[in-house]
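K.L.:
I'd like to ask you about the structure that follows.
The values are calculated or read from the model by the stated rules, or taken from the named source; none is laboratory data. Because the structure is predicted, anything quoted here is derived from the model rather than measured. Cβ: placed from backbone, ideal geometry, glycine included. Neighbour counts: every protein chain shown. Side chains are part of the model used for accessible areas, which takes the heavy atoms of the whole protein and leaves out ligands, DNA and RNA. Shrake-Rupley method; radii C 1.70, N 1.55, O 1.52, S 1.80 Å.
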Amino acid sequence: MSPPPATVRHDWSQQEVQALFALPFIDLLLRAQQVHRAHHEANTVQMSTLLSIKTGACPEDCAYCPQSVRYDTGVEAEALMQVEQVRAAAGRAKAAGATRFCMGAAYRSPKARELKVIAQMIREVRALGLESCATLGMLTPAQAAELRAAGLDYYNHNLDTSPEFYGEIISTRTYQDRLDTLEAVREAGMKVCCGGIVGMGESAADRAGLLRTLANLPVHPESVPINQLVKVAGTPLAGAAAVDPFDFVRIIAVARVLMPASHVRLSAGREAMSDELQALCFMAGANSIFYGERLLTTGNPDVERDRQLFARLGLVPEGAAAPAHATGAETAQPAAAAAH
Ligand code: SAM
Ligand code: DTB
Ligand code: SF4
């Protein structure tokens, strides 16, 4: 009845995606885990560290965001960081075990002189042997080419939600603007990091619509961040209803089934999640996290909590040397050493 796990498709119908969501929870998790194992090394999680290189005072009106100038959230605006500060932060992230360093800026879109400084940051990050990622808002094809020329590996630009619900969340740029930026990034030869946010009051159909839009892009995003809304006082979504944790796991699982070869990132919101919920997300096919005490302006589990979680679950960071005694799924005590 179901397609073989290895199938990578770009023609999912809304009905098919909603049918995946409607599967019994355990059936969906089993299917997602089968797809996961056909495409990825089991028990392995990619780790990215975020840094806000330019904080606050953003002209956009994204209803979830503490950095919009329109909402009084207590976030203090900060100018673009110095290259040396970014290099030092990237060095610390690498020493803690991250393999990718992601620089975020509260821009609608970057200006020419800002892009020149950021290009230098990218060179420094890569010189440390880290993968580089940036999220700077909308890009023209020429700006995307400039970033690529500086060596940028990934560009993060989220669709955030379904095309239908999008207008409830953001009015200052369109869904098509976002798709255009994604196309510019792809054309420039960079890898795409693109996902969305859950818990903004969207319907089940909107969740399916977001994942369907991502899965039907001409090429799947290599990285798919699934953020649970971090409710920040002062934003219009501060009082949004909590997401049923099982529904959150279902979103991860459906993302895994729809985009088999992509990394699905259990992204913002982990600080508010129990270890057990995170374990279910890994079971459902999440194989990437943000690692380090901060996201952009809000908190993330501290490194020690994540190390312990990895050790307790037998997870190993992607790109880490395999522990000498870990030979397969049947290994009894695989990862306690490798997580450090
Ligand atoms: N300004 C750029 C932009 O919007 O493209 C880059 C930075 S922006 C903060 C990157 C992404 O962070 C957003 O697209 C959104 O998906 C996510 N994000 C922002 N605030 C969030 C929140 N409170 N909870 C969860 N995700 C959030
Ligand atoms: C993504 O999808 N999530 C990250 C990253 N891409 C840039 C950002 C999460 C931000 C959470 C709120 C904050 O810390 O300001
Ligand atoms: Fe600005 Fe990005 Fe926040 Fe939107 S999500 S308000 S564009 S920083």
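K.L.:
Considering only residues that are surrounded by fewer than 21 Cβ atoms within 10 Å (Cβ to Cβ) and not basic (Lys, Arg), look in region 286-300 and name the one that is nearest to ligand 3 (Cβ to nearest atom).
P.N.:
To start, the set of residues in region 286-300 that are surrounded by fewer than 21 Cβ atoms within 10 Å (Cβ to Cβ) comprises 293-294, 297-299.
The next check asks that each one be not basic (Lys, Arg); those that pass are 293, 297-299.
Details: 293: 20, 297: 9, 298: 12, 299: 17 Å.
Once the filter is applied, the top-ranked residue is 297.
K.L.:
Still on this structure: Select from region 57-93 the residues that are touching a Phe, Trp or Tyr at 6+ places or on another chain (Cβ under 9 Å) and crowded, with 16+ Cβ neighbours inside 10 Å and list them in ascending order. If you could, list the steps in order and put the result at the bottom.
P.N.:
Of the residues in region 57-93, the ones touching a Phe, Trp or Tyr at 6+ places or on another chain (Cβ under 9 Å) are 58-61, 63, 65, 86, 89-90, 93.
58, 60, 61, 63, 65, 86, 89, 90, 93, listed by residue number.
K.L.:
Which condition number in (1) surrounded by 17 or more Cβ atoms within 10 Å (Cβ to Cβ); (2) within 15 Å of ligand 2 (Cβ to nearest atom); (3) part of a loop (DSSP other than H, G, I, E, B) is the one that residue 217 fails?
P.N.:
Single failed check for residue 217: (2).
K.L.:
Still on this structure, please answer the following. Checking the condition under 23 Å from residue 37 (Cα atoms), within 16 Å of ligand 3 (Cβ to nearest atom) and either of a type in the set (Ser, Thr, Tyr) or surrounded by fewer than 24 Cβ atoms within 10 Å (Cβ to Cβ) (or both), which residue from 267, 262 passes? I'd like the intermediate steps shown before the answer.
P.N.:
Numbers: 262 fails: within 16 Å of ligand 3 (Cβ to nearest atom).
Among 267, 262, only 267 is under 23 Å from residue 37 (Cα atoms), within 16 Å of ligand 3 (Cβ to nearest atom) and either of a type in the set (Ser, Thr, Tyr) or surrounded by fewer than 24 Cβ atoms within 10 Å (Cβ to Cβ) (or both).
K.L.:
Condition check: at pLDDT 95 or above and surrounded by fewer than 21 Cβ atoms within 10 Å (Cβ to Cβ). Does residue 108 satisfy that? Write out each step before concluding.
P.N.:
Values: at pLDDT 95 or above: yes; surrounded by fewer than 21 Cβ atoms within 10 Å (Cβ to Cβ): yes.
Yes: the conditions hold for residue 108.
Residue-wise test of (1) in contact (Cβ under 8 Å) with a residue 40 or more places away in the chain; (2) farther than 27 Å from residue 313 by Cβ.
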{"site": "54", "(1), (2)": "yes, yes"}
{"site": "72", "(1), (2)": "yes, yes"}
{"site": "76", "(1), (2)": "no, yes"}
{"site": "98", "(1), (2)": "yes, no"}
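K.L.:
Restricting to region 270-285, and then to whatever is outside any loop (DSSP other than H, G, I, E, B) and touching a strand residue (DSSP E or B) at 6+ places or on another chain (Cβ under 9 Å), can you tell me which residue is most open to solvent (accessible area, probe 1.4 Å)? First the steps, then the outcome.
P.N.:
Step one: list which residues in region 270-285 are outside any loop (DSSP other than H, G, I, E, B), which gives 270-272, 275-283.
Now narrow it down to the ones that are touching a strand residue (DSSP E or B) at 6+ places or on another chain (Cβ under 9 Å): 270-272, 278, 281-282.
Numbers: 270: 2, 271: 105, 272: 90, 278: 0, 281: 0, 282: 19 Å².
My answer is 271.
K.L.:
Given the options 63, 38, 19, name the one that is in a helix (DSSP H, G or I), more than 15 Å from residue 254 (Cβ to Cβ) and of a type in the set (Gly, Ala, Ser).
P.N.:
38
K.L.:
Among (1) open to solvent by less than 50 Å² (accessible area, probe 1.4 Å); (2) away from ligand 3 (no atom under 16 Å from the Cβ); (3) basic (Lys, Arg), where does residue 54 come up short?
P.N.:
Condition not satisfied by residue 54: (2).
K.L.:
Which residues, taken from region 94-105, are within 16 Å of ligand 1 (Cβ to nearest atom) and either buried (at least 24 other Cβ atoms within 10 Å of the Cβ) or in a loop (DSSP other than H, G, I, E, B) (or both)?
P.N.:
Taking region 94-105 and keeping what is within 16 Å of ligand 1 (Cβ to nearest atom), we get 100-105.
Within region 94-105, 100, 101, 102, 103 qualify.
This table checks each residue for (1) touching a helix residue (DSSP H, G or I) at 6+ places or on another chain (Cβ under 6 Å); (2) within 12 Å of ligand 2 (Cβ to nearest atom); (3) assigned to a helix (DSSP H, G or I).
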{"residue": "227", "(1), (2), (3)": "no, yes, no"}
{"residue": "231", "(1), (2), (3)": "no, yes, no"}
{"residue": "239", "(1), (2), (3)": "no, no, no"}
{"residue": "243", "(1), (2), (3)": "no, no, no"}
{"residue": "249", "(1), (2), (3)": "yes, no, yes"}
{"residue": "255", "(1), (2), (3)": "yes, no, yes"}
{"residue": "261", "(1), (2), (3)": "yes, no, no"}
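K.L.:
Of 143, 120, which residue is within 16 Å of ligand 3 (Cβ to nearest atom), over 29 Å from residue 237 (Cα atoms) and more than 20 Å from the chain's Cα centre (by Cα)? Full working, then the answer.
P.N.:
Numbers: 120 fails: within 16 Å of ligand 3 (Cβ to nearest atom).
Only one candidate passes the filter, namely 143.
K.L.:
Follow-up. Working carefully through the options 233, 204, 253, find the one that is surrounded by fewer than 17 Cβ atoms within 10 Å (Cβ to Cβ) and under 26 Å from residue 30 (Cα atoms). I'd like the intermediate steps shown before the answer.
P.N.:
On the way: 233 fails: under 26 Å from residue 30 (Cα atoms); 253 fails: surrounded by fewer than 17 Cβ atoms within 10 Å (Cβ to Cβ).
Checking each option against the conditions leaves just 204.
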